[in-house]
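For reference, the structure is listed below as C-alpha cells.
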Amino acid sequence: MPKDSITYQNSGYFNPLINNYLNQKKNLDSLYNRFPTIENFAKQITEKQASFNNTHRKVLVSVLENQYQHLSTSDVTKQNILSLSSSDTFTVTTGHQLNIFTGPLYFLYKIISTINLTKELKVKYPEYNFVPIYWMATEDHDFEEINYFNFKGKKFRWNKETSGPVGRLSTEGLKDVFDIFSKEIGTSTNANKIKKLFDEAYNKGYSLADATRLLVNELFGEYGLVILDGDSRDLKKEFSPYIQDELLHQKSNKAVLKTIQQLKDYSIQVNPREINLFYMKDTLRERIILENETYKINNTNIRFSKTEILSELENHPENFSPNVIMRPLYQEVILPNLCYIGGGGEISYWLELYSFFDEVKVTFPILLLRNSALLATEKQTKKLDKLGLSWKDLFLKTDNLINERVKQISEFPIDLSTQKSQLKTQFDYLKTIAHKTDKSFIGAVKAQEAKQIKGLENLEKRLLKAQKRKHTDELERIIDLQNQLFPQGGLQERKTNFSEFYLDYGDTVIEKLIHNLKPLENKFDCIAF
C-alpha cells in the first residue's frame, strides 16, 4: 500500500466554501479569475504578461541577489533569480509564517506544491520559465503563532518577549530550545543532520528572517526554490503608489465589504479595516487609523497630517506594512505571478479580494489549494493492513469508525434497517385501514409505529454495545492507530514536525514528497514509507 488518496471534499477537513470552490459552483464564479487547470494557465500567462510592469523585474532581481548574498545557493536557484529579469519568466508563489524549525508538516507541502507546479507548467509551456517562490511572512507580529514546534507529542517553545515584525527578531535564546531538542532526538546519523541544520540556522546570531531563509534554502535549494522577504525598502518603493491610494481613498475596505456580502452564507476569514496598513519599525507594527483627517498610529502617540504621511511614504516606504488584505496585492504587484498556493483558510480569504484587485486593475492570480498528505511509517502501514482498514476509513470520526468496524466484524447483523422497513410497511397498511374506517385511529397507529421503531433502535444500540465489548482488543488497536496518524483528533500535517520522519528516513522524506504530491490533482494523499 505505497500510496492512496481521497478527495479533499470527502476528507471532512475542509470548509463548505473550499468544497464549493473545488466543485466549481457557479455562485462563486465572480470571486476568482480562473480555476486551476493546466489549460487555464495559457490565458493567465497572456493576461499577466500584458499587464505586469516589467520595470519591477530589475528591482526584484536586485533585491533577491542582495538577500542571497551571504547564502550558499544552488545553480538552479541562481538561474531562477536571474531569469526573473526576462518578460518570459513567471512565478508560482506560496507564503507562510516564520515558524521555528518549519513548524508543522504542511509548511513543506506548500513549498513542494509550488515547486511541482512550476515543473508541470514547464512541461506544458516550454517556451516560458516558471520560478517557485516562497514569500516569507517576515512582517507578521504574532509571535505566539510561530514560537514553537511539536515533536512526538512534545512542544518545544521559544520563550521570548517580543514586539514588532518577527522577521527582524534576533534568534538569541533558541540555543536553549536546541539543547533540549538535541537530547530528545538522540545521536543517530539522521539525528545529527537535524541538529546541524537547526544549529546552523538558529545558533549563529541571525535574524529570524535570515535563519528561516537559510533553513528553507538548505531543504529546498536544489529544487530551485527562491525565497523572498517582502520587508524591503526597494520593493515597498515599487508598491508605494498602491499604499498612497490606500491611505487616501481606502478602496480595499469598500471592495472587500461588497464581496463579503456575496459570501454571507459562509464563514468569513478576514474583515477589512478602513485602512489596511500598519506603520512599522523594528519594535513596532501598529494599525494606521484615520480620524478627522489625522493619521494616528494605534497604541502610540505618533500622528501624521495627510501631507506628513505622504512625505513619510516618499522618504520611508519601508515603514508601511500591508495587512492580510493588502499583502496579496503587494505580492501580485511586485511579482510576475500566475498562481498563489495556500491552505483552505488562505484560499477562503483570497476569494474575498477579487473585486479589490479588479478595482485597482491588478491581475488576480489563479488560486490553488496546496497539497495535503497523511504520512505513515512502515510499521503503521502493516497495522493498517492487518486490521483490514483502508486509508479512507481513518478519516472518519472515531465513533463512526468504530461503529462501522463493529458492523463489519460482527457475527450477525447489527443494522436492523430491514426490520424497520418491514415495520413501516405494516404500519402504512394499518394507516390505510384507519383512513377507510375510523380516522381517529390514525393517531394511535402513528404512536404505536414510533414506539416500535424506537424499540428497534434501542435493540440496535444494545447489540452494538455488546459487540464492542466482545471486540475490545481489536477496537483499541484501531483507535490507537488513528490517534497516531491523527494526533489529538486533528490532521497530522497541522501538528507534526518534519523531523519525526526525517529521523527515520532522512533525505528520502522530501524526495518522496516531491515524487508523490501532484498539485493539480486536488487529492489528499496517503503516503507510506
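The values are calculated or read from the model by the stated rules, or taken from the named source; none is laboratory data. Since this is a predicted model, take the numbers as computed values, not measurements. Neighbour counts are summed over all protein chains in view; Cβ atoms, including those assigned to glycine, are modelled from backbone coordinates with ideal geometry. Please note that ligands, DNA and RNA were not included when accessible areas were found on the heavy atoms of the full protein model with its side chains. Shrake-Rupley method; radii C 1.70, N 1.55, O 1.52, S 1.80 Å.
Checked against the criteria, Ser321 does not count as over 30 Å from Ile478 (Cβ atoms) and out of contact with any Pro (no Cβ under 8 Å at 6 or more places or on another chain). Do you know which residues across segment 458-481 are closer than 28 Å to Lys420 by Cα and either buried (at least 16 other Cβ atoms within 10 Å of the Cβ) or in contact (Cβ under 8 Å) with a residue 40 or more places away in the chain (or both)? Leu459, Glu460, Leu463, Leu464, Gln467, Lys468, His471, Leu475, listed by residue number. Screening Glu139 on (1) in contact (Cβ under 8 Å) with a residue 60 or more places away in the chain; (2) open to solvent by 30 Å² or more (accessible area, probe 1.4 Å) shows it passes everything except condition (2). Tallying residues that are within 21 Å of Leu197 (Cα to Cα), part of a helix (DSSP H, G or I) and open to solvent by less than 20 Å² (accessible area, probe 1.4 Å) within segment 63-81 yields 1. Only residues that are open to solvent by 20 Å² or more (accessible area, probe 1.4 Å) and either out of contact with any Phe, Trp or Tyr (no Cβ under 7 Å at 6 or more places or on another chain) or of a type in the set (Ser, Thr, Tyr) (or both) were counted in segment 1-31, giving 17. Look at (1) open to solvent by less than 30 Å² (accessible area, probe 1.4 Å); (2) among the β-branched types (Val, Ile, Thr); (3) out of contact with any Ser or Thr (no Cβ under 7 Å at 6 or more places or on another chain); (4) not in a loop (DSSP other than H, G, I, E, B) and you find that Thr94 fails only one, number (3). Here Tyr349 meets the list (1) farther than 30 Å from Lys152 by Cα; (2) open to solvent by less than 10 Å² (accessible area, probe 1.4 Å) almost entirely, failing just condition (2).
The combined condition, being touching a helix residue (DSSP H, G or I) at 6+ places or on another chain (Cβ under 6 Å), of a type outside the set (Lys, Arg), under 30 Å from Asn371 (Cβ atoms) and part of a helix (DSSP H, G or I), is not fulfilled by Leu475.
Do we find that Glu521 is part of a loop (DSSP other than H, G, I, E, B) and either touching a residue at least 40 places away in the same chain (Cβ under 8 Å) or surrounded by fewer than 21 Cβ atoms within 10 Å (Cβ to Cβ) (or both) in this structure?
So Glu521 passes the test.
Tell me, which strands (runs of 3 or more DSSP E) lie completely within segment 270-331 with 2 or more residues that are surrounded by fewer than 17 Cβ atoms within 10 Å (Cβ to Cβ)? Outline the logic, then answer.
On the way: elements: 277-281, 284-291, 294-297, 320-322.
Filter on segment 270-331 gives 284-291.
Within segment 395-411, residues that are of a type in the set (Asp, Glu) have Cβ atoms under 9 Å from residues that are open to solvent by less than 90 Å² (accessible area, probe 1.4 Å) in these pairs: Glu404/Asp393; Glu404/Leu396; Glu411/Gln467, counting only partners at least 6 apart in sequence or on another chain.
Would you check if there is a residue in segment 413-433 being within 51 Å of the chain's Cα centre (by Cα), among the acidic types (Asp, Glu) and surrounded by fewer than 16 Cβ atoms within 10 Å (Cβ to Cβ)? It would help to see each step written out before you state the result.
First pass over segment 413-433, keeping only residues within 51 Å of the chain's Cα centre (by Cα): 413-425.
Still in the list and also among the acidic types (Asp, Glu): 415.
Within this subset, residues satisfying the condition of being surrounded by fewer than 16 Cβ atoms within 10 Å (Cβ to Cβ) are 415.
Scanning segment 413-433 turns up at least one residue that is within 51 Å of the chain's Cα centre (by Cα), among the acidic types (Asp, Glu) and surrounded by fewer than 16 Cβ atoms within 10 Å (Cβ to Cβ).
What tally of residues in segment 371-412 results from selecting those that are within 22 Å of the chain's Cα centre (by Cα) and not in a loop (DSSP other than H, G, I, E, B)? Lay out the reasoning, then the answer.
Taking segment 371-412 first, the residues within 22 Å of the chain's Cα centre (by Cα) are 371-376, 391-392, 394-397.
Now drop any that are not not in a loop (DSSP other than H, G, I, E, B), which leaves 372-376, 391-392, 394.
So the count comes out to 8.
Please go through segment 107-130 and give me each residue that is over 20 Å from the mean Cα position of the chain (by Cα), within 21 Å of Leu219 (Cα to Cα) and among the aliphatic types (A, V, I, L, M), ordered by number. If the condition is that a residue be over 20 Å from the mean Cα position of the chain (by Cα), within 21 Å of Leu219 (Cα to Cα) and among the aliphatic types (A, V, I, L, M), then no residue fits. Number of residues in segment 70-105 that are hydroxyl-bearing (Ser, Thr, Tyr) and closer than 23 Å to Asp210 by Cβ equals 8. Suppose the filter is farther than 30 Å from Tyr32 by Cα, open to solvent by 30 Å² or more (accessible area, probe 1.4 Å) and either in contact with a helix residue (DSSP H, G or I) (Cβ under 6 Å, 6 or more places away or on another chain) or among the basic types (Lys, Arg) (or both); does Lys183 pass it? Considered against the rule, which asks whether it is farther than 30 Å from Tyr32 by Cα, open to solvent by 30 Å² or more (accessible area, probe 1.4 Å) and either in contact with a helix residue (DSSP H, G or I) (Cβ under 6 Å, 6 or more places away or on another chain) or among the basic types (Lys, Arg) (or both), Lys183 comes out as yes.
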